[in-house]
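Visitor: I'd like to ask some things about the structure below.
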């Protein structure tokens, strides 16, 4: 029974993470393309602006809705820095590399490249968040 319950809880957590991710994906897509097309910012600057805004939103929603962080028993700044670090790996560095390859070398339009990157970055984000960013020995779940 314990294994089935653990799997069920993990699945529910992944679905909740997906919902938060869906919200952030839409926001990130709108922000990055708004900055790029409306404000005429470079694609990397547009990506950075979207990253800074949506990672904070993700941290807030995931803390309360997905990983049930007990705010009294955690170091807020340590948790926030770990989340920014985990998303930096995929949402900033990996995305920057992928955008360069897709747009500059292959010629894929920005609006398609940003969607393609989600296939790679979303699963990596869940793993980093689940097993590192929100894993705090002082927090009981």
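The values are calculated or read from the model by the stated rules, or taken from the named source; none is laboratory data. Remember, it's a predicted structure, so these values are computed and weren't measured experimentally. Positions of Cβ are generated from backbone atoms using ideal geometry, with glycine treated the same way; all protein chains shown enter the neighbour counts.
Visitor: Return the total of residues in segment 12-49 being within 13 Å of residue 111 (Cβ to Cβ) and outside any helix (DSSP H, G or I).
Guide: Selection size over segment 12-49: 0.
Visitor: Only one of these is farther than 16 Å from residue 125 by Cα, touching a helix residue (DSSP H, G or I) at 6+ places or on another chain (Cβ under 6 Å) and at pLDDT below 90: 43, 71, 103. Name it.
Guide: Exactly one of 43, 71, 103 is farther than 16 Å from residue 125 by Cα, touching a helix residue (DSSP H, G or I) at 6+ places or on another chain (Cβ under 6 Å) and at pLDDT below 90, namely 43.
Visitor: OK, next. Out of (1) over 13 Å from the mean Cα position of the chain (by Cα); (2) assigned to a helix (DSSP H, G or I); (3) in contact (Cβ under 8 Å) with a residue 24 or more places away in the chain, what's the single condition that is false for residue 104?
Guide: The one condition residue 104 does not meet is (3).
Visitor: Counting only residues that are out of contact with any helix residue (DSSP H, G or I) (no Cβ under 8 Å at 6 or more places or on another chain) and free of Cβ contacts under 8 Å to residues at least 40 places away in the same chain, which one in segment 57-68 is nearest to residue 116 (Cα to Cα)?
Guide: Out of the qualifying residues, it is 60.
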